[in-house]
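Undergrad: Got a structure for you, written out below as structure tokens; questions coming shortly.
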Amino acid sequence: MVETIFVGRVFTGTTPTPVDAAVAVGGGRVLRVGDPDEVPAQAGPGTEVVDLGDGLLMAGFQDAHVHPASGGGQMLRCDLSAEHDVEGYLRVIAAYAAANPDQAWVHGGGWSMDAFPGGTPTRQLLDTVVPDRPALLTNRDGHGAWANSLALRLAGLDRDTPDPVDGRIEREPDGTPQGTLHEGAMTLVTAHVPVATAEEAYAGLLAGQSHLFSMGVTAWQDAMIGAFPGHPDNYPVYLRAAQEGTLRARVVGALWWDRERGLEQIPELVERREHGRVGRFNATTVKIMLDGVAENFTAAMLEPYLDGCGCATANSGLNFVDPALLREAVRELDALGFQIHFHALGDRAVREALDALAGARAANGANDNRHHLAHLQVVHPADIPRFAEVGAAANIQPLWAAHEPQMDELTIPFLGAARAALQYPFGDLLRAGARLVAGSDWSVSSPNPLWGAHVAVNRTVPDGERRAPFLPGQALTLAQALTAYTAGSAWINHIDDVTGTVEAGKDADLVVLDRDPFAGPPEEIGATRVARAYVQGQLVHQA
């Protein structure tokens, strides 16, 4: 039975531009894509005919690197993501603290480093709005946290507390913790934060799913499945949602590789994979985080960072996993049929991931595991052709490839001009034969794929301010960007046989856009909105 027919412009994903077509949907699948003058004749008495007007129908977006459970949980706590300056942050924190007097901690996140001098807010500033309770707020990229004096004192941090090997405590001149904690230093405080209850974690996942549906995202890969200090294990949360049928999106879970341990954890990952295939959830991937981020100088670089004067420092970032152990782990995980999802942001981390994959391919032969490297902020030119050589996909977060304060003030000066010119090389990767898949890393940044596509095409953020394009030679076409967010991410999730394009026989995971972004000027792509989203033909969002 034909339940819905869409008539108008359609980006099927099988051609580089939209076509005039009619798409018939029934039983959760696309039944036919054909002539707009012929297909509507198949409508029955109960068929809904959707005239797309000036809009566009396309496959549902798929986010290849996202954190919906934690992102949704942040939406339900002290959420700073809608603010952009110190005054806004303090206002939201004060209002949240006042509205939640019974909570032992003020906990949440979403602040941006570029709002604070040097990217490092102080404990005294947070004390002005939360003087009477411990407070800890992670920044938007999840690689740093802002603590007040009481939180630092409760965790026992003082001038004699050493930096952990995988992080750094920002300090005042006498060595007293200043209030900003980077990477592994966060766990010194998060270990004391009350963990969300099972019901709170479940509510967070459902809130995250609803938010992604509103952005037209109908499937994703959760890039962090496991338990962390201050956070509940989201593995049972997904299993519950899958068993109860409230998980409506298709989700691949990337099981967290514990960087404090070694190969002995692999049997546990195998067991989690065995029991983690329930309904629309499949925990078939392992996430290995190799380094940090450039803004706090923890991304692993081949050459040292510069200081404020442009001179080389002694710091070239952090290795969260020893390269020798990495090679062994990747070889064994690959042999066991796991997909491996790397966090690789600096050029040294990218090289070490590719080296490990090359070793696995030499030992195990080629296979269909579909490994991928996420973030790829700095990639050495010699490593760009290696993606195709080892069969690794480039998992890009396009929204970051633009001039904005965090890039211009906290990154480029400390990379230097030559290395800064190697950032986010989407065009070079595609031209060298790499498969592009796309994600947002929400709640690090907006999960809106249309904003990501805007930046991928224009290399400027869609905020209306006139900025120079960031390395425009690395721009993608709109079709290439949208394909990365649809067919590309469907491929990485091993569901490209049933989703990712609008074709007869595939699931009706579809979005209706309020305009055709191909028809307008490129600088207006980011103004496009999702009018409707469908999962297997069922409406899950309507604007």
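The values are calculated or read from the model by the stated rules, or taken from the named source; none is laboratory data. Nothing here was measured: the structure is a model prediction, and the numbers come from that model. Using ideal geometry, Cβ is built from the backbone for each residue, glycine included, and neighbour counts are taken over all protein chains shown.
Undergrad: Among the strands (runs of 3 or more DSSP E) confined wholly to segment 98-175, which include 1 or more residues that are more than 19 Å from A82 (Cβ to Cβ) and outside the structural domain of S445 (by TED's automatic domain parsing)?
TA: By residue number, 135-139, 144-147, 167-171.
Undergrad: Moving on to the next point. Which condition does T187 not pass, out of (1) farther than 23 Å from V511 by Cα; (2) among the β-branched types (V, I, T); (3) part of a loop (DSSP other than H, G, I, E, B), if it passes all the others?
TA: Among (1) farther than 23 Å from V511 by Cα; (2) among the β-branched types (V, I, T); (3) part of a loop (DSSP other than H, G, I, E, B), T187 violates only (3).
Undergrad: Hey, among the residues in segment 524-543 that are in a helix (DSSP H, G or I) and either modelled with pLDDT under 95 or not hydrophobic (A, V, I, L, M, F, W, C) (or both), which one's farthest from the chain's Cα centre (by Cα)?
TA: Here the answer is E524.
Undergrad: Moving on to the next point. Looking at segment 191-207, which of its residues are part of a helix (DSSP H, G or I) and either in contact (Cβ under 8 Å) with a residue 24 or more places away in the chain or within 15 Å of V251 (Cβ to Cβ) (or both)?
TA: A198, E200, A201, Y202, A203, G204, L205, L206, A207
Undergrad: Within the bounds of segment 54-64, is there any residue that is buried (at least 21 other Cβ atoms within 10 Å of the Cβ), at pLDDT below 95 and not hydroxyl-bearing (S, T, Y)?
TA: Looking through segment 54-64, none of the residues is buried (at least 21 other Cβ atoms within 10 Å of the Cβ), at pLDDT below 95 and not hydroxyl-bearing (S, T, Y).
Undergrad: Please verify whether L80 is under 26 Å from M407 (Cα atoms), of a type in the set (A, V, I, L, M, F, W, C) and within 25 Å of the chain's Cα centre (by Cα), treating the condition exactly as stated.
TA: yes
Undergrad: Can you tell me which condition I412 does not meet? The list is (1) surrounded by fewer than 24 Cβ atoms within 10 Å (Cβ to Cβ); (2) of a type outside the set (D, E); (3) under 13 Å from L376 (Cβ atoms), and all the others hold.
TA: Here I412 clears every test but (3).
Undergrad: Identify, from the list P517, P522, the residue that is more than 23 Å from H372 (Cα to Cα) and either among the polar types (S, T, N, Q) or surrounded by fewer than 19 Cβ atoms within 10 Å (Cβ to Cβ) (or both).
TA: Of the residues listed, the single one that is more than 23 Å from H372 (Cα to Cα) and either among the polar types (S, T, N, Q) or surrounded by fewer than 19 Cβ atoms within 10 Å (Cβ to Cβ) (or both) is P522.
Undergrad: Within the set of pairs 6+ apart or on separate chains, which have a first residue in segment 398-412 that is modelled with pLDDT under 95, a second that is among the acidic types (D, E), and C-beta atoms under 7 Å apart?
TA: P405/D114; Q406/D114; Q406/E295; E409/D114; L410/D114; L410/E295
Undergrad: Output the number of residues of segment 404-456 satisfying the condition of being within 14 Å of the chain's Cα centre (by Cα) and polar (S, T, N, Q).
TA: 5
Undergrad: Residues of segment 350-399 being in contact with a strand residue (DSSP E or B) (Cβ under 7 Å, 6 or more places away or on another chain), aliphatic (A, V, I, L, M) and under 19 Å from R419 (Cβ atoms), which ones?
TA: Across segment 350-399, the qualifying residues are V350, A353, L373, L376, V378, A394, I396.
Undergrad: Say whether the condition of being under 29 Å from A254 (Cα atoms) and free of Cβ contacts under 8 Å to residues at least 24 places away in the same chain is met by at least one residue in segment 474-496.
TA: Within segment 474-496, one or more residues are under 29 Å from A254 (Cα atoms) and free of Cβ contacts under 8 Å to residues at least 24 places away in the same chain.
Undergrad: What about A487, is it part of a helix (DSSP H, G or I), in contact with a Ser or Thr (Cβ under 6 Å, 6 or more places away or on another chain) and either surrounded by fewer than 16 Cβ atoms within 10 Å (Cβ to Cβ) or among the hydrophobic types (A, V, I, L, M, F, W, C) (or both)?
TA: yes
Undergrad: What number of residues in segment 493-523 are within 23 Å of the chain's Cα centre (by Cα) and on the phi > 0 side of the Ramachandran plot?
TA: 2
Undergrad: So, in segment 17-39, of the ones that are buried (at least 16 other Cβ atoms within 10 Å of the Cβ) and modelled with pLDDT under 95, which residue ends up nearest to Q538 (Cα to Cα)?
TA: Checked segment 17-39; the qualifying residue nearest to Q538 (Cα to Cα) is V39.
Undergrad: Also, I was wondering about something else. State whether one or more residues within segment 468-480 are under 21 Å from V23 (Cβ atoms), modelled with pLDDT of 95 or more, touching a helix residue (DSSP H, G or I) at 6+ places or on another chain (Cβ under 8 Å) and not hydrophobic (A, V, I, L, M, F, W, C).
TA: No, segment 468-480 contains no residue that is under 21 Å from V23 (Cβ atoms), modelled with pLDDT of 95 or more, touching a helix residue (DSSP H, G or I) at 6+ places or on another chain (Cβ under 8 Å) and not hydrophobic (A, V, I, L, M, F, W, C).
Undergrad: Cβ contacts < 7 Å: first residue closer than 12 Å to D20 by Cα, restricted to segment 32-59; second residue of a type in the set (D, E) and assigned to a strand (DSSP E or B), any location; separation 6+ or different chain. Result?
TA: What qualifies is P36/D20.
Undergrad: Are any residues in segment 172-190 surrounded by 16 or more Cβ atoms within 10 Å (Cβ to Cβ) and either in contact (Cβ under 8 Å) with a residue 60 or more places away in the chain or more than 18 Å from E295 (Cβ to Cβ) (or both), and if so, which ones?
TA: T176, P177, T180, H182, E183, T187, L188, V189, T190
Undergrad: Output the number of the condition that R351 fails; it satisfies all remaining conditions of (1) crowded, with 24+ Cβ neighbours inside 10 Å; (2) touching a His at 6+ places or on another chain (Cβ under 8 Å); (3) over 28 Å from V251 (Cα atoms).
TA: Every condition holds for R351 apart from (1).
Undergrad: May I pose another question? I'd like the residue in segment 304-331 that is among the β-branched types (V, I, T) and buried (at least 18 other Cβ atoms within 10 Å of the Cβ) and, out of all such residues, is farthest from V390 (Cα to Cα).
TA: V321
Undergrad: If you don't mind, another one. Please state which of the following conditions Q480 fails to meet, knowing it meets all the rest: (1) within 12 Å of L56 (Cβ to Cβ); (2) out of contact with any Gly (no Cβ under 8 Å at 6 or more places or on another chain); (3) not in a strand (DSSP E or B); (4) not aliphatic (A, V, I, L, M).
TA: (1)
Undergrad: How about segment 464-473: which of its residues are within 23 Å of the chain's Cα centre (by Cα) and in a loop (DSSP other than H, G, I, E, B)?
TA: Within segment 464-473, P469, F470, L471 qualify.
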